Amino acid sequence: MMETPPAGPLKDGHGRRIDYLRVSVTDRCDLRCSYCLPKDFKGFETPSNWLDHEEMLRLVGLFVALGVSKVRLTGGEPLLRRGIAGLAGAIAAMPGLADLSVSTNGTQLARHAQSLRAAGVDRLNVSLDTLDAAAFSRITGRDCLESVLAGLAAARRAGFAPIKLNSVVHAATPEAEVRRLLDYAVAQGFVLRLIEPMPMGECGRGFSHTDLNAMGARLATEAGLMPALAGAGAGPARYWTTGRGAPVLGVITPMSRHFCASCNRVRLGVDGTLYLCLGQEDQVPLGRLLRGGASDAELTRAILAGIAAKPERHEFTSRPERIVRFMAQTGG
């Protein structure tokens, strides 16, 4: 049996409350986005090292027992993992969990949207960098923009709200294309979030970021949006809203204006490795401990020790060469 977790919220050594776990259910993806994975990448985790659903549920359950209230299923592309809706349903049923979400590239969303909603998934983040089919193919390596748009339409019909569009915007991204995405998001009732690329792996370091705070302010002014009140909405994004207060546009700026002081999350890799920071190598081999026969009490102690040692901040700006793993290996 698991020992009683410590009273009060789960906090790291810098006083930050950790209440959010991102879980990579696979490191595989059916796209090869140029800032994420090299086209010829073959360094995926061996499937025998993947946590199975029972193992994943055991670890997620320990985090929820420790006070984690938000879980996001991610990858790679999580909808490629067999039985994803069943896994989501089991997590959604955990007492104490308040929010379950999924990040996806959208290629498989049309056939999974209804089952994910029925399983108890609350929210979706869908990657979409452009509405131009040729540009989409160049960025992702596949001509499947229409599949993504069909997936978004299916998600709306299934009742997902809000649906957030995550768009990686770098120095060479035409602002006119970002404006087109914003017009699309407004028309569809989605929330567009612009994200600065991070120097993770060789391909991530191949893209220079642009200060999205300034771009976001320009686009918001053109669209008649106003800045959200401080503290409106959880997470790292800063938003602009309509007059009714609904978020429409956000920026996530890990490079130009980092948000490490308010970081509330850790990541669980598909092999059970607990990553404490995207921009550091600090990790805890929970999967190895679990398969080595560790009890729930021993796994809980390992989680607590890892959280206590969570780094204060990333070093993407001062040491961009530090992280050699790709984003898909960590869990987005």
* Structure fact -> Over the range 21-36, the set of residues within 28 Å of Val68 (Cβ to Cβ) and not in a strand (DSSP E or B) is Val25, Thr26, Asp27, Arg28, Cys29, Cys36
* Pick from the range 264-280 the residues that are part of a loop (DSSP other than H, G, I, E, B) and touching a strand residue (DSSP E or B) at 6+ places or on another chain (Cβ under 9 Å): which of them is surrounded by the fewest Cβ atoms within 10 Å (Cβ to Cβ)? -> Asn264
* To do: Could you list, in sequence order, all residues of the range 33-78 that are of a type in the set (A, V, I, L, M), out of contact with any strand residue (DSSP E or B) (no Cβ under 9 Å at 6 or more places or on another chain) and closer than 16 Å to Asp271 by Cβ?
  => Leu57
* Any idea how many residues of the range 281-302 are among the β-branched types (Val, Ile, Thr) and not in a helix (DSSP H, G or I)? -> 1
* To do: Please work out which one of (1) of a type outside the set (A, V, I, L, M); (2) open to solvent by 60 Å² or more (accessible area, probe 1.4 Å); (3) within 22 Å of Arg291 (Cβ to Cβ) is the condition His14 fails and give its number.
  => (3)
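If you go through the range 101-121 one residue at a time, how many are more than 22 Å from Tyr20 (Cβ to Cβ) and touching a strand residue (DSSP E or B) at 6+ places or on another chain (Cβ under 6 Å)?
Here is the first cut: in the range 101-121, the residues more than 22 Å from Tyr20 (Cβ to Cβ) are 106-115, 118.
Retained after the next criterion (residues that are touching a strand residue (DSSP E or B) at 6+ places or on another chain (Cβ under 6 Å)): 106.
Counting residues in the range 101-121 that are more than 22 Å from Tyr20 (Cβ to Cβ) and touching a strand residue (DSSP E or B) at 6+ places or on another chain (Cβ under 6 Å) gives 1.
For residues that are among the hydrophobic types (A, V, I, L, M, F, W, C) and more than 26 Å from Arg32 (Cα to Cα), scanning just the range 83-99, find the one that is surrounded by the most Cβ atoms within 10 Å (Cβ to Cβ).
Among those that are among the hydrophobic types (A, V, I, L, M, F, W, C) and more than 26 Å from Arg32 (Cα to Cα), it is Ile91.
Could you grab me the full set of residues in the range 44-55 that are of a type outside the set (Asp, Glu), touching a residue at least 12 places away in the same chain (Cβ under 8 Å) and open to solvent by 40 Å² or more (accessible area, probe 1.4 Å)?
Hits for the range 44-55 are Phe44, Asn49, Trp50, His53.
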* Asked: Can Ala133 be described as more than 25 Å from Val60 (Cβ to Cβ), among the aliphatic types (A, V, I, L, M) and surrounded by fewer than 17 Cβ atoms within 10 Å (Cβ to Cβ)?
  -> yes
* Scan (1) of a type in the set (Gly, Ala, Ser); (2) open to solvent by 30 Å² or more (accessible area, probe 1.4 Å); (3) closer than 25 Å to Leu249 by Cβ; (4) in contact with a Ser or Thr (Cβ under 6 Å, 6 or more places away or on another chain) for the single condition Ser103 breaks and write down its number. => (2)
* Sole exception among (1) assigned to a helix (DSSP H, G or I); (2) surrounded by 17 or more Cβ atoms within 10 Å (Cβ to Cβ); (3) more than 18 Å from the chain's Cα centre (by Cα) for Ala118, by number -> (2)
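Can you tell me how many residues in the range 57-83 are part of a loop (DSSP other than H, G, I, E, B) and in contact (Cβ under 8 Å) with a residue 60 or more places away in the chain?
Total meeting the criteria: 4.
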* Asked: So Arg22 fits all but one of (1) touching a residue at least 40 places away in the same chain (Cβ under 8 Å); (2) out of contact with any Lys or Arg (no Cβ under 9 Å at 6 or more places or on another chain); (3) closer than 30 Å to Thr173 by Cβ; (4) open to solvent by 10 Å² or more (accessible area, probe 1.4 Å); what number is the exception?
  -> (2)
* Structure fact -> Note: among Pro38, Pro78, Pro5, just one is modelled with pLDDT of 95 or more and surrounded by 14 or more Cβ atoms within 10 Å (Cβ to Cβ), namely Pro78
* To do: Spot the failing condition for Arg58; the list is (1) on the phi > 0 side of the Ramachandran plot; (2) surrounded by fewer than 18 Cβ atoms within 10 Å (Cβ to Cβ), and only one is missed.
  => (1)
* Would you point out which residue out of Pro285, Pro247 is open to solvent by 50 Å² or more (accessible area, probe 1.4 Å), modelled with pLDDT of 90 or more and not charged (D, E, K, R)? => Pro247
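The values are calculated or read from the model by the stated rules, or taken from the named source; none is laboratory data. As the structure is a prediction and not an experimental result, all values here were calculated from the model. In this analysis, Cβ positions are derived from the backbone assuming ideal geometry, glycine residues included, and neighbour counts consider all displayed protein chains. Ligands, DNA and RNA are excluded from the accessible area calculation, which covers all protein heavy atoms including side chains. Shrake-Rupley method; radii C 1.70, N 1.55, O 1.52, S 1.80 Å.
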